Amino acid sequence: MKILLIGASGTLGQAVIDELGARHDIVRCGRTSGDVTVDMREASSVVAMFRKVGDVDAVVCAAGNVPFLPLAELTETRYIEGLQDKLLGQVRLVESGTRHVRDGGSFTLISGILSEQPIVAGACASMVNGAIDAFVRAAAIELPRGIRINSVSPSVLTESMESYGPFFRGFESVSAGRAAMAVSRSVEGRQTGQMYKVW
Ligand SMILES: NC(=O)c1ccc[n+]([C@@H]2O[C@H](COP(=O)([O-])OP(=O)(O)OC[C@H]3O[C@@H](n4cnc5c(N)ncnc54)[C@H](OP(=O)(O)O)[C@@H]3O)[C@@H](O)[C@H]2O)c1
């Protein structure tokens, strides 16, 4: 398969390359690095990326930022940052990408445990992750030509504990490799509309 991986240089992205790279042709994509660059916050940038890459069998997203701030500091502007980036960035991948994904191909989006298990300073992340999982369930019943869509929802990654550990006291971390296995199930399996929980 030809797999377009957005966020290829990141913690999760590298694990996805380790898992899928030996079996498939991965087009690495990032904001500042990779075979092709994209800023998924900009619709025109996403359109230009697909024009460069051409048709693919799968699109995998391992990118997306949200602000982590206490509820009292989450202003409308900060919520919009998270919505524009991790949520609408991935929706843009699906919107523009549908015409570039071959028959029976797939999208794999990234959400996270905070949709179900809240932490302090995580309200925007919880909202965005929940919206991604809900979008996936809905899009799955309308995508054309047998195209599938799933989300992968990991707990905090063990490799990220140095930065995120203080936010996630009492959470069991999972390896990026385990999260990449769920990406493999989505890309190489046949299910659609699923949220693969990795926790
Ligand atoms: N890390 C965790 O513990 C964890 C847990 C659950 C869910 N997640 C989710 O998993 C995803 C990846 O997390 P990560 O920790 O692996 O991230 P990361 O290590 O910070 O890597 C981020 C990747 O995304 C790319 N990127 C950043 N902004 C972008 C943009 N606007 N457009 C396109 N690409 C962009 C970066 O590209 P360049 O390097 O080229 O700039 C980089 O390849 C995120 O959505 C995160 O919320 C992470």
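The values are calculated or read from the model by the stated rules, or taken from the named source; none is laboratory data. Just so we're clear, the structure is a prediction, and the values are computed from it rather than from any experiment. For neighbour counting, all protein chains shown are included, and Cβ atoms are generated from backbone atoms with ideal geometry for every residue, glycine included. Ligands, DNA and RNA are excluded from the accessible area calculation, which covers all protein heavy atoms including side chains. Shrake-Rupley method; radii C 1.70, N 1.55, O 1.52, S 1.80 Å.
Using only Cα atoms, tell me the angle between helix 88-97 and the longest principal axis of the chain; keep it within 0 to 90° and round to the nearest 10.
10
How large, in percent, is the carbon and sulfur part of the accessible surface of the chain at a probe radius of 1.4 Å?
Working: 4700 of 9280 Å².
Carbon and sulfur atoms account for 51 percent of the accessible area of the chain.
If we count every other residue with Cβ under 10 angstrom of G7's Cβ, Lys/Arg +1 and Asp/Glu -1, where does the sum land?
+2
From the phi of every residue in region 107-121, what ³J(HN,Hα) in whole Hz does the Karplus formula 6.51 cos²θ - 1.76 cosθ + 1.60 yield, where θ is phi - 60° and glycine or proline is x?
So the Karplus estimates, Gly and Pro as x, are 10, 10, 9, 10, 10, x, 4, 5, 4, 10, 10, x, 10, 5, 6 Hz.
For F107, which sequence-distant residues (separation of 5 or more, or a different chain) have an amide H within less than 5 Å of its own amide H, given hydrogens modelled in the peptide plane?
V59, R148, I149, N150
Largest first and in whole Å, what are the equivalent-ellipsoid semi-axes of the chain based on the Cα gyration tensor, each being the root of 5 times an eigenvalue?
In descending order the semi-axes read 25, 18, 16 Å.
How much accessible area per residue does region 14-138 have, in Å², with a 1.4 Å probe?
46
Tabulate in residue order the Karplus-calculated ³J(HN,Hα) for region 54-71, using 6.51 cos²θ - 1.76 cosθ + 1.60 with θ = phi - 60°, rounded to whole Hz; enter x for Gly and Pro.
Couplings: x, 7, 9, 8, 8, 10, 10, 10, 10, 9, x, 10, 9, x, 9, 8, x, 3 Hz.
Please go through region 141-178 and write out the GluC sites (Glu not before Pro) that DSSP classes as loop and that have at most 10 other C-beta atoms within 10 Å.
Values: sites: E142, E159, E162, E172; in loops: E142, E172.
Listed in order of number, the matching sites are E142, E172.
For V174, what charge total do you get from the other residues with a beta carbon under 11 Å from its beta carbon, if Lys and Arg give +1 and Asp and Glu give -1?
Neighbour charge sum, excluding V174 itself: 0.
For the chain, find the longest principal axis of its Cα atoms and tell me its angle to the long axis of helix 176-188, 0 to 90°, nearest 10.
Between helix and principal axis, roughly 40 degrees.
Using modelled backbone amide H atoms (1.01 Å from N, in-plane), which distant-in-sequence or interchain residues come within less than 5 Å of Y196's amide H?
S151, V152, S153
How about region 118-199: which trypsin sites (Lys or Arg not before Pro) there are in a DSSP loop, with at most 16 other Cβ atoms within 10 Å of their Cβ? Numbers along the way, then the final one.
On the way: sites: R137, R145, R148, R169, R178, R185, R190, K197; in loops: R145, R169, R190.
Qualifying residues, ordered by number: R145, R169, R190.
Angle between the Cα long axis of helix 43-53 and the longest principal axis of the chain, 0 to 90 degrees, nearest 10?
Orientation of helix 43-53: about 40 degrees from the principal axis.
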